[in-house]
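In what follows, a structure is listed as structure tokens, so that the remarks can point back to it.
The values are calculated or read from the model by the stated rules, or taken from the named source; none is laboratory data. Owing to the predicted nature of the structure, the values given are computational and were not obtained by experimental measurement. No Cβ is skipped: glycine too gets one built from the backbone with ideal geometry, and neighbour counts run over all protein chains shown. For the accessible areas, the whole protein counts, side chains as well, though only heavy atoms, and no ligand, DNA or RNA atoms are used. Shrake-Rupley method; radii C 1.70, N 1.55, O 1.52, S 1.80 Å.
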Amino acid sequence: MSSIRKFTSLKTRIAIVGATLVLLSIVVITATSLVLARGKMRDILGAEQYATLTGAAAYIDRDIDGRKVLLQSIAEEIPADVIADTSRAQQFISSRTGLREAFSNVIAIDPSGNIIASVNAIKSGDTVNVSERDYFRDTVSYHEGVVSAPFKSKLTGKPVVLMTQPVIDASGRLRFILAGSLDLSSTRIFGQLQALHPGKTGYIWLLAGDGTIILHPDTNRILRRVDREQGGATESTANALGGFEGWTQGMTKSGVEALLTYRRTRTNDWIIASVYPVNEAFEPFDQVRGQAFATALAVAVFAGVMGWLGVARLLRPLSALQRHVANLSDDSGDIEAFNVQRQDEFGNLSRAFFEVSKKRASAEAALEMLAMTDPLTGLSNRRMFDSAMILAYARAERSKGMLAVAYIDIDHFKAINDSLGHAAGDLVLIEFARRLRSAVRITDTVVRIAGDEFTVIFETFTDHSDSDALGRKIVDAMASPMTIERHELQVGASIGICAGLTESIPMADFILRADAALYRSKQNGRGCYFVDMTDTVSRRVVA
């Protein structure tokens, strides 16, 4: 009986030891698997954030390039008498509505560094000199436009970035510098970037290559150097300033553990960064942790090897997610791959990525649309005109069809601005754009070039008389008075049209002849249109 008891006791101890070993193996295997799964999920989130910042950096590059092109085109349009007499610079920049829409302020600086004109008024008697600024010295030295480092404006006291464009006279002498500033505290400038912030508490921030903070949710940190703040730059930010691009896990300035991602812009060597707190990033994973342990217990009878196989099977959806994110980063994937029908935790996680990716795609599409749209009138802008003209000309060449380009100016628009103010002038531009859009076909491309200058690209017309009809429709559309702030205004338009077969004229000459036709229309008394046919005798038709 004693031997039986001992044997029974031994079996019990063996069973207990065996059960304990199995339990320990389950704990070790499950814990190891969860660590691996967490690492894979971190890789997916890091790749997702880097892909998002890559798109945001491309948007910043396009936006800065567009503003630089606008400033350059405005500088090229400055009349010779304004270049010769810099006292007229204030009158000129005040008349350019496009500058006020693209920049927080626009100034003119003489060769001594004195600000001689500003869209935003300078206090009477004030003299502001910026000769010590690096952007002024670089522009004077190289006779080329620059994008400044962020600094505090002497005029507004706000943090700004400034773009310059030198204005040179016919003899090659610098007459003055045209400069447009971007208010870093205004959400209108970089507000679209915040739509890309990760999660609920994550954020996007921006700093210059020297470590100066350009954009940050904590506005008190803007214009500070990260290496000169208390405690210096964090390790990840210091690495980014040294050239690192990608994502890592580390501590923020406030002591929060987060996924930290960095990407440089192309045009001005800025660094765009995102902060995604780890607690929020891994919240979906933490929610399924208990269920993962239950699953591991269910397969414990298959011992360690089968447990590993089961965990490997569970990790397949995460591997698929990682592949989808990698494909999306390489522009070879489709976000629909995340929209799976699985009804388990991984299915929920995949669909969560689907929603995040849709949000990112929507934000990128909105940013792209903003880059091609005039913000005041809703028409296409100059950048859109350049690409649309190339495509329209190519289609006309292939089909051997006719093409027409109309250049349109609002008659006496400066007088409206001077008498009623710029706010009323903006309302005139909006109503003029609406009438112009309704006067042409839905397939025609209507563009606001700058200020009161518009253009229309007409395609697929077959008769020379159609060009006269185009001009007549636009003139007629402007015939009835506009009611602007209780004032009835008779707003006319001068129109120049170049039309005909593209095979007889290069595209650049097509545009130049349309501009010349506009000048002929103004010479003939305004309120009319002038048609220049590329394959017949030019003629004027008075409205």
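Some observations on this one:
- Checked across segment 234-243, the condition of being of a type outside the set (A, V, I, L, M, F, W, C), touching a residue at least 60 places away in the same chain (Cβ under 8 Å) and open to solvent by 30 Å² or more (accessible area, probe 1.4 Å) holds for no residue.
- Only one entry in Arg526, Arg513, Arg435, Arg441 is at positive phi and either in contact (Cβ under 8 Å) with a residue 40 or more places away in the chain or open to solvent by 60 Å² or more (accessible area, probe 1.4 Å) (or both), namely Arg526.
- Count of segment 396-434 residues which are under 15 Å from Ala499 (Cα atoms) and either charged (D, E, K, R) or assigned to a helix (DSSP H, G or I) (or both): 3
- Summed over segment 162-179, the residues that are under 24 Å from the mean Cα position of the chain (by Cα) and at pLDDT below 90 give a count of 0.
- Flag if Ala208 is among the small types (Gly, Ala, Ser), under 21 Å from Glu48 (Cβ atoms), surrounded by 18 or more Cβ atoms within 10 Å (Cβ to Cβ) and modelled with pLDDT of 85 or more: no
- Within segment 216-233, the set of residues being outside any helix (DSSP H, G or I) and open to solvent by 40 Å² or more (accessible area, probe 1.4 Å) comprises Pro217, Asp218, Leu223, Arg224, Arg225, Gln230, Gly231.
- Cβ-Cβ distances below 6 Å connect no pair with a first residue in segment 166-183 that is without any contact (Cβ under 8 Å) to a residue 60 or more places away in the chain and under 12 Å from Phe136 (Cα atoms), a second residue that is surrounded by 24 or more Cβ atoms within 10 Å (Cβ to Cβ) and not aliphatic (A, V, I, L, M), and a separation of six or more residues or different chains.
- Within segment 78-110, the set of residues being modelled with pLDDT of 85 or more, closer than 24 Å to Val161 by Cα and among the charged types (D, E, K, R) comprises just one member, Asp110.
- Against the numbered list (1) more than 30 Å from Asn279 (Cβ to Cβ); (2) within 18 Å of the chain's Cα centre (by Cα); (3) open to solvent by less than 40 Å² (accessible area, probe 1.4 Å); (4) not aromatic (Phe, Trp, Tyr), Ala56 comes up short only at (1).
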